[in-house]
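What follows is a set of notes on a single structure, which appears directly below.
The values are calculated or read from the model by the stated rules, or taken from the named source; none is laboratory data. Because the structure is a prediction, the values reported are computed rather than measured. With ideal geometry, Cβ positions are generated from the backbone for all residues, glycine too; neighbour counts draw on all protein chains shown. Please note that ligands, DNA and RNA were not included when accessible areas were found on the heavy atoms of the full protein model with its side chains. Shrake-Rupley method; radii C 1.70, N 1.55, O 1.52, S 1.80 Å.
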Amino acid sequence: MDVEVGQTLRHIYPKDGEDIGDDYVPPSPINLSPTEREQKKNDTVVEIPIHKRRKRPKYTYELITELMDTDTGKQEGRNKLEKMKLSMLQEKARAEGISIVTTPTTKIKPGWSGRGIGLLATAYARGWVDKNNIKSYEAMKYDNEGNLVKEFSLQYLLGQCADFQNEVSQLEFVCEQLGATALITPKYHAELAGEGIEYIWGFLKSIYRRYPL
């Protein structure tokens, strides 16, 4: 286990040059070799195989970019175009002879820098992971008979940590700072939540629960 008691475990891999202070960050994806880590660190543009290329409608930002090269776009202005619905942008694009569909030939493959460390790295930092069996771990692993394999189930392992068990939601945290208490009620049991519409939802859902799925 690398993280020490009292040390803050960061759940986001730092970007180049980012100061992390005394926080602990697990090694960049532990399931990758040193060479793979460097290759997959940053976002990269990769070519889409010809047989996988599909035509799709252009996104809002794509239409705005092309419209800004036209007199109509310059007259409207980017701020106004960004507030328009996609259907209106498509209408303006057609009027300017701009195609509203495209067939991408490349895509962005996200790197791990600046992104979440994930369950595996979190469990690794806490000493839950056997380095010799890294590929055996899954979010929730079951055997052929449907039984949970606890020693290789990351969600189960982390769920045994006291800080995860006692973690509060953002809503509970804010309420606590304000001196209030947030009572979290069970999902699909709105009759426990309060008055008015909640009782109506509770009544409707009580009827829904009577019917087998």
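Observations
- Subset of segment 162-184 (residues that are modelled with pLDDT under 80 and surrounded by 13 or more Cβ atoms within 10 Å (Cβ to Cβ)): 164
- Residues satisfying the stated conditions in segment 1-11, i.e. closer than 18 Å to residue 29 by Cβ and open to solvent by less than 80 Å² (accessible area, probe 1.4 Å): 2, 3, 9, 10
- Residue that is modelled with the lowest pLDDT, among those in segment 23-44 that are acidic (Asp, Glu) and part of a loop (DSSP other than H, G, I, E, B): 23
- The C-beta contact set for segment 112-137 (first residue more than 13 Å from residue 31 (Cα to Cα), second residue of a type in the set (Lys, Arg) and open to solvent by less than 50 Å² (accessible area, probe 1.4 Å), distance under 8 angstrom, 6+ apart or interchain) comprises 113/41.
- As a summary of the residue check, residue 204 satisfies the conditions (1) of a type in the set (A, V, I, L, M); (2) open to solvent by 60 Å² or more (accessible area, probe 1.4 Å); (3) modelled with pLDDT of 90 or more except for the one numbered (3).
- Top-ranked residue of segment 98-124 - restricted to ones that are in a helix (DSSP H, G or I) and among the aliphatic types (A, V, I, L, M), ranked as farthest from residue 71 (Cα to Cα): 123
- Residue 20 part of a loop (DSSP other than H, G, I, E, B), in contact (Cβ under 8 Å) with a residue 24 or more places away in the chain and of a type in the set (A, V, I, L, M, F, W, C): no
- Yes/no for residue 14 being part of a loop (DSSP other than H, G, I, E, B) and either crowded, with 17+ Cβ neighbours inside 10 Å or modelled with pLDDT of 95 or more (or both): no
- Subset tally (residues that are outside any helix (DSSP H, G or I), open to solvent by less than 60 Å² (accessible area, probe 1.4 Å) and not hydroxyl-bearing (Ser, Thr, Tyr)) for segment 125-147: 6
- Flag if residue 109 is open to solvent by 30 Å² or more (accessible area, probe 1.4 Å), of a type outside the set (A, V, I, L, M, F, W, C), more than 30 Å from residue 16 (Cβ to Cβ) and in contact with a Ser or Thr (Cβ under 7 Å, 6 or more places away or on another chain): no
- Among (1) touching a helix residue (DSSP H, G or I) at 6+ places or on another chain (Cβ under 7 Å); (2) under 19 Å from residue 107 (Cβ atoms), the one test that residue 64 misses: (2)
- Odd one out for residue 44 among (1) over 28 Å from the mean Cα position of the chain (by Cα); (2) under 30 Å from residue 28 (Cα atoms): (1)
- Filtered residues of segment 140-172 (kept if among the hydrophobic types (A, V, I, L, M, F, W, C) and farther than 26 Å from residue 4 by Cβ): 140, 148, 149, 171
- Flag for residue 106 being over 24 Å from residue 14 (Cβ atoms) and hydroxyl-bearing (Ser, Thr, Tyr): yes
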